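J.: Structure incoming, see below.
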Amino acid sequence: MSTGDFEAYEATRESMGEIMKKLKDDNVTTIGVYGMGGVGKTTLVKHVAAQSCKNGIFHHVVMAVVSQSPNVERIQHTLLEELVGFSELENLTESGRASRLYKEIMRKDNILIILDDIWDSIDLSRIGIPSYDLLKTHNSKVLITTRKLHVCNSMHSQASIPLNILSEQDSWSLFVKKTKRSFESTTFEGVARKVAGECRGLPIALIAVARALGDKDLAEWQTAAQQLKKSQIANLDHKDDAFSCIKLSYDYLKDEDYKSCFLLCCLFPEDYDIPIEDLFKYAIGKGLFRDTDTIYEARAIADTVVKHLIDSSLLLDGKYRGCVRMHGVVRDTAMRIAKCEDGHGFLVRAGCGLKDWSCRSHEDYYAISLMENKLHSLPDELICPNLQILLLQENQDLYKIPETFFQSPNELRVLDLSRTNISLLPQSFNLLTKLQALHLDFCRKGVDISIVGKLKKLEILSMRDYPLTELSREIRNLTNLRMLDIGGRSSHGGGIVTIPSKVISKLHRLEELYMMYCGFVNWESPIEGEGDEINIGFGELAGLSKLKNLQVSLPNAECIPKNVEVEPGWFYFDIRIGGCASASDLNYQFDRKSRSLLLREITISTLPDWFIKAVTEKTEKLKYDRCKGMSDIVMEYDHGRLHKLKHLTVRTDFYGYLKVLMNTTRRVETGPVFENLVELHLIHLIRLEELCVGELPPGSLSNLKVLHMHGCFILKSVSKFVHRLPNLEKLYLNRMKEMEYVFGCEGCEPEQSKLKEMHLLYLKALRSICNGPAPRAMFRSLKTLTVYHCELLQSLFASDVAECLVQLEDLLVEDCPLLERVMEAVNKDKTVLPNLKNLVLKNLPMLYGPSATTVDIECPSLERLVVVDCPQLPFSTSSDLFLLYFGSRNPVQLNDPQLYKFLRS
């Protein structure tokens, strides 16, 4: 439960104390927290949940937002994902999902289920939450938040706890903190106190206004105070206290693009994780960011806008990377602004279970969002002359658009039909002469898109995972197209077989092209039944002068021409060459800001020089798969001029070519190698014998922070190599069959080390972490150590390492059947680990047996301890004797499964 910079004030402390008391009460199973919108209910319950887990009251916390229009499927997915770490509900009915969730909840004890932002009574059994009586038998509870006390009563809350607004003094304290300034005079402070007072004790209003006015001068503060006072006098309904404050923050946005981008966010459902990419594409389609010459520049401005909206508290960080969210009160405000201001009339019925859209006349609306509903039909005709944005995505029961739907005049510029089951686009599509952005992503029933070729003003065409077999020749008519996305996920089978030559190359304004995993492999091959016509060649893409972002997979290096007329100026790219492309390749993640290259069964020496200049010189992330023909990576570095490389993965050498990772003895070039590399991953290099032969030039690998080795079976040592890495922070060693020691006695101990994490997994030959005297510098910064399934290990450290482990905070040792002690004892004194907070000992049958006699470590800072299947321990894990043995000065939480899960991950 992330609660950010939570700070308790008088009102929150009172409510928090009451909630904690009820959470500890065995007779109370359901608790309601109610209060005005924006008063901080969600933040409060997240903080309480985190504290209750830390105190051992609950072992699991799961949370889902219900919202004004409950989406049962989304709630079920969220709860299951948080409960077990994944969701397997896609192909189940609602009752099937409920049954699955019910079983998972009943399988565990001590679960806190938080249902946030309930507007009306909801049947918990429909979701899959067991009855209160059944939850009680498992020491589990339900905690709800709502704006209304009557909802607590209708949900049969056994305790209903109000969260009140902040006091005047607490409001001022929060306000000053968020303005991040001191007021120069008593006059200025007096005006600021008036402004804070108009926020009526609501944290969301106080923060929004403080951030909007923080750097403004006295005159602007005085104007704001007058505006807020007038607004509050006009508004006698206290439920809208936050509106005028958030509206003021909106008014202070820098320009119309900022305001329009903010209003676009309210087109999405409540508490929706809004993809910034979707927001950007809608903004471009709407005509925002037109002062830029390129999409690349527009993206940079859009990122700045989103960051500013977050900093202004008008948007929140999303749950998922690349997403943002809107607080419910802020969304309500945005909806009212859109309704009131000229040119911004919005009809938003997103995510509310709508089955029928019967009304066909919406003459005053500028935008209509009916996304994520259950629409099965559309009106015969849409009469909406001012409409610019129409969002119908996520209506999976929608199979058809009436032929006459678009025949009335309109201003439509953005249309999203993604994730519907529409198969044919009607002929009235050609009347959408002003359309600039069309989204057809994941329309699995789609057949013919040739009509799209008539949309001459189209700038964005997105058809991810659209079931194309041939890219329509009419696409060449879209001469204003700036972004084309025909990427896919090959796991669904099929894909594009034909892309005729001189279709994409006619799109002279194209700036971004996404073809990753679209299934196309027939580069420059003849098109069957079309005479001399051939498929597109990769050289055609290189010839697009405005193309800055390219994502494409090629079956082999032969697809790349030896020469091109003009070298391309790709700024971002993700290019994968060789073999049969799969969306699971090396954990492929779709990233529009990538400079990535994957080479399968080929090396850089096989690539033409123009490609090296256009791609490898700029590459930041390089992955080799099946290292055929590679002798060492230093030669690849020099040949590819990989000076900007930050992430390198070398994976799977079944051929046994790679016996030495780096060899500098035969190097002709001078200067450092891999000077900007941050992460190095070596996976399944089964014949690798040495990591480095020869001396590394000064500055080499000077920025490497992560070294991850998995399945390098015959490599016996990493010690010398690791000692050469001055900034290494994380070391992962997994399934290294021949490795007996991590650190040897080579006599080249570094003067200092930044190593913070070390993870030793499945090292079957490992006898000790150090062979001989320990390189003490390697352990002085170590904070986390995990040791898992090391069958020959009898102890972790010799006593000479003890004084170096002063920073160690987390220690997990599991499945080491011969481990007798943590420290090799030289005398009877215990080794003190002064900062160890989290300790997991699991499945260690010999630990502290007869030869060890007693616990050999003292942990005065210990906070959480998990001990499972350690039969030789001289105390029961249910007793308090561990305080005597481990010497903790703190209350210690025993056997927290979340700690085990966290450390093991």
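The values are calculated or read from the model by the stated rules, or taken from the named source; none is laboratory data. For clarity, every value in this text was computed on a predicted model and none was experimentally measured. Using ideal geometry, Cβ is built from the backbone for each residue, glycine included, and neighbour counts are taken over all protein chains shown. Note: areas computed on protein heavy atoms with side chains; ligands, DNA, RNA excluded. Shrake-Rupley method; radii C 1.70, N 1.55, O 1.52, S 1.80 Å.
J.: How much length is gained if the chain between residue 219 and residue 605 is pulled fully straight, taking 0.36 nm per residue apart and subtracting their Cα-Cα distance, in nm to one decimal? If you can, show how the numbers build up before the last one.
T.: On the way: separation 386, 0.36 × 386 = 138.96 nm, distance 6.59 nm.
Stretched out fully, the residue 219 to residue 605 stretch lengthens by 132.4 nm.
J.: Return the Rg/Rh value of the chain, two decimal places, where both radii are evaluated on C-alpha atoms and Rh is the Kirkwood radius. Let's see the in-between values first.
T.: Details: Rg = 31.1 Å, Rh = 31.5 Å.
The Rg/Rh ratio comes out at 0.99.
J.: What is the chain's relative contact order, in percent, from Cα pairs under 8 angstrom and six or more apart in sequence?
T.: Details: 2097 pairs, mean separation 40.6, N = 905.
Answer for the chain is 4 percent.
J.: At 1.4 Å probe size, put 570, 172 in order of accessible surface, largest to smallest. Intermediate results must be reported in sequence, preceding the final value.
T.: Values: 570 0, 172 25 Å².
Descending order: 172, 570.
J.: To the nearest 500 deg cm²/dmol, what mean residue ellipticity at 222 nm is calculated for the chain from DSSP H runs of n ≥ 4 alone, each contributing -39,500 (n - 2.57), summed and divided by the residues?
T.: Working: 21 runs with 216 residues, N = 905.
Mean residue ellipticity at 222 nm (helix-derived): -7000 deg cm²/dmol.
J.: Have a look at the stretch 660-705 and give its Rg and Dmax from the Cα atoms, expressed in angstrom.
T.: Looking at the stretch 660-705, its Cα Rg and Dmax stand at 11.4, 30 Å.
J.: Just check the stretch 101-170 against the gyration tensor rule for me: Cα atoms, a ≥ b ≥ c as the square roots of the eigenvalues, rounded for a/c under 1.5, and otherwise prolate or oblate depending on whether a/b exceeds b/c. Please list the in-between numbers first.
T.: On the way: a/c = 2.62, a/b = 1.88, b/c = 1.39.
Since a/c reaches 1.5 and a/b is larger than b/c, the shape of the stretch 101-170 is classed as prolate.
J.: Measure up 716/783; 141/180; 456/546 against 29 Å on the Cα-Cα distance and list the ones that go over. Don't skip to the answer; put the middle values down first.
T.: Numbers: 716/783 25 Å; 141/180 39 Å; 456/546 19 Å.
Beyond 29 Å between Cα atoms: 141/180.
J.: First check a/c for the stretch 286-411, with a ≥ b ≥ c the square roots of the eigenvalues of its C-alpha gyration tensor; if it is under 1.5, answer rounded, and if not, answer prolate when a/b is larger than b/c or oblate otherwise. Intermediate results must be reported in sequence, preceding the final value.
T.: Values: a/c = 1.83, a/b = 1.55, b/c = 1.18.
Taking the square roots of the gyration eigenvalues as a ≥ b ≥ c, the stretch 286-411 is prolate.
J.: What's the long-distance tail for the stretch 120-251, i.e. % of Cα pairs beyond 22 Å? Please report the intermediate quantities before stating the final value.
T.: Working: 4279 of 8646 pairs.
Roughly 49 percent, once rounded to a whole number.
J.: Note down, for the stretch 4-134, the three equivalent ellipsoid semi-axes (square root of 5 times each alpha carbon gyration tensor eigenvalue), biggest first, whole angstrom.
T.: Values: eigenvalues 133, 57, 37 Å².
Rounded to whole Å, the semi-axes are 26, 17, 14.
J.: Starting from the exponent 0.38 and prefactor 2.2 Å, build the expected Rg for the stretch 471-580 from its residue count and divide its actual Cα Rg by it.
T.: Working it through for the stretch 471-580, the quotient is 1.01.
J.: Provide the packing ranking of 443-453, 645-655, i.e. peptides ordered by the mean count of other C-beta atoms within 10 Å per residue, highest first. Write down the numbers at each step before the final one.
T.: Values: 443-453: 16.7, 645-655: 18.7.
So the order, starting with the most tightly packed, is 645-655, 443-453.
J.: Right, next: Per residue, how much accessible surface does the chain expose to a 1.4 Å probe? Answer in Å², no decimals.
T.: Working: 38670 Å² over 905 residues.
Solvent-accessible surface per residue comes out at 43 Å².
J.: Could you work out, for the stretch 603-645, what percent of all Cα-Cα pairs fall into each 10 Å distance bin, beginning at 0 Å and stopping at the bin that holds the largest distance?
T.: Taking every Cα pair in the stretch 603-645, the percentages come to 29, 62, 9.
J.: Hey, how much of the P(r) for the stretch 766-844 falls beyond 14 Å, as a percent of Cα pairs? Kindly include the intermediate steps, with their values, before the conclusion.
T.: Details: 1877 of 3081 pairs.
Counting pairs separated by more than 14 Å, the tail of P(r) holds 61 percent.
J.: Then there is this: At 20 °C and 1.002 mPa s, what whole-number value in µm²/s does Stokes-Einstein give for the translational diffusion of the stretch 704-795, with Rh from the Kirkwood sum over Cα pairs? Display every interim value, and only then the final one.
T.: Working: Rh = 13.0 Å.
Result for D is 165 µm²/s.
J.: For the stretch 202-334, state what percent of all Cα-Cα pairs lands in each successive 5 Å bin, counting from 0 Å until the bin that includes the largest distance.
T.: Reading upward from the zero bin: 2, 10, 20, 21, 19, 13, 9, 5, 1, 0.
J.: Ordering 830, 705, 229 from largest to smallest accessible area (1.4 angstrom probe), what's the sequence?
T.: Numbers: 830 65, 705 85, 229 115 Å².
Largest accessible area first, the list is 229, 705, 830.
J.: Let me ask you something else. Sort 482, 509 from largest to smallest accessible area, using a 1.4 Å probe on the heavy atoms of the protein chains. Don't jump to the answer; show the numbers that get you there.
T.: Details: 482 15, 509 90 Å².
The most accessible residue leads, giving 509, 482.
J.: Radius of gyration and Dmax for the stretch 550-706's Cα atoms, expressed in Å?
T.: Over the stretch 550-706's Cα set, Rg and Dmax evaluate to 15.0, 44 Å.
J.: About its Cα centre, what dipole magnitude does the chain give when the only charges are +1 on Lys and Arg Cβ and -1 on Asp and Glu Cβ, stated in debye to the nearest 20? Before the final figure, lay out the partial values.
T.: Values: 110 positive and 119 negative charges, 91 e Å.
That gives the chain a dipole magnitude of about 440 debye.
J.: If you wrap a convex hull around the Cα atoms of the stretch 434-533, how much volume per residue is inside, in Å³?
T.: On the way: hull volume 9.7 nm³, N = 100.
Cα-based convex hull of the stretch 434-533, divided per residue, equals 97 Å³.
J.: How long, wide and thick is the stretch 1-59, going by the Cα atoms along their three principal axes, in whole angstroms, largest first?
T.: 30, 21, 17
J.: Roughly how many percent of the accessible protein surface of the chain is carbon and sulfur, given a 1.4 Å probe and a whole-percent answer?
T.: Details: 18430 of 38670 Å².
Solvent-exposed carbon and sulfur of the chain make up 48 percent of the total.
J.: Would you please calculate the Kirkwood hydrodynamic radius of the stretch 735-777 over all C-alpha pairs and express it in Å, rounded to one decimal? Don't jump to the answer; show the numbers that get you there.
T.: Numbers: mean 1/r = 0.0875 Å⁻¹.
When all Cα pairs of the stretch 735-777 are included, the Kirkwood radius is 11.4 Å.
J.: So, one more: Express the Stokes-Einstein translational diffusion coefficient of the stretch 76-196 in µm² s⁻¹, to the nearest whole number, given a Kirkwood radius over alpha-carbon pairs, 10 °C and a viscosity of 1.306 mPa s.
T.: On the way: Rh = 17.8 Å.
In µm²/s, the coefficient rounds to 89.
J.: Based on the Cβ-Cβ distance of residue 780 and residue 732, what FRET efficiency does E = 1/(1 + (r/R0)^6) give at R0 = 25 Å, to the nearest 0.05?
T.: Numbers: r = 20 Å, r/R0 = 0.79.
Efficiency, from the Cβ-Cβ distance: 0.80.
J.: Can you give me the three principal axis dimensions of the stretch 500-555 from its C-alpha atoms, in Å, biggest first?
T.: Rounded to whole Å, the extents work out to 33, 22, 14 Å.
J.: Right, here's the next one. When the Cα atoms of the stretch 260-335 are enclosed in a convex hull and the volume is divided per residue, what value in Å³ results? Before the final figure, lay out the partial values.
T.: Values: hull volume 6.2 nm³, N = 76.
For the stretch 260-335, the hull spanned by Cα atoms encloses 82 Å³ per residue.
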